[in-house]
1. Using only Cα positions of the range 24-92, each an equal point scatterer, no hydration layer, compute I(q)/I(0) via Debye at q = 0.16, 0.18, 0.19 Å⁻¹ and quote the log10 values to two decimals.
2. Can you list the residues, at least 5 places off or on another chain, whose amide H is less than 5 Å from the amide H of G81, using H built in the peptide plane?
3. Please tell me the relative contact order of the chain in percent, rounded to the nearest whole number, where contacts are Cα pairs under 8 Å and at least six residues apart.
Amino acid sequence: MPPSIRIGQTCRIRLQLGESQRAILVPRGGFYASTGGQWIFVVNPKTQVAVRRNIKIGRQNPTYYEVLEGLEPNETVITSGYDIFGKNDTVVLKM
C-alpha cells in the first residue's frame, strides 16, 4: 500500500482488464433510449441529411458504446434523443 494513502480514504483508479483493441466508439447519448441501440442517424456531410441506419452495439462503458456493425470509422452520427424526429427515416439538418 502506498504510504500517502490512509485507511478508509477513497482513491480513484483506472483499471483496464484485458488488452486494448481498435474499435468504433459512439459517445453515450439520448439516442439509445429511443432506439435501444438498434439504429442511429448517420449524417452525410455533403448533403447535410442524416439517414437512419441499423447498427449492432457491443461493449459499453460509462462514456462510450462500441459499435460492432453498421458504422465506418469517422462517420458523424446524431447521439441526442430522437423523440423530436418522430418516425422519420431521414432528417434534414439546417445550419
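A short reminder: the numbers here are calculations on the coordinates, not readings from a lab. It should be emphasised that the depicted structure is a prediction, and the values quoted were computed from it without experimental measurement.
1. Ignoring solvent entirely, the Cα scatterers give -0.49, -0.62, -0.69.
2. Amide H to amide H, under 5 Å and 5 or more residues apart or across chains, G81 pairs with G30, F31.
3. It comes to 31 percent, rounded to a whole number.
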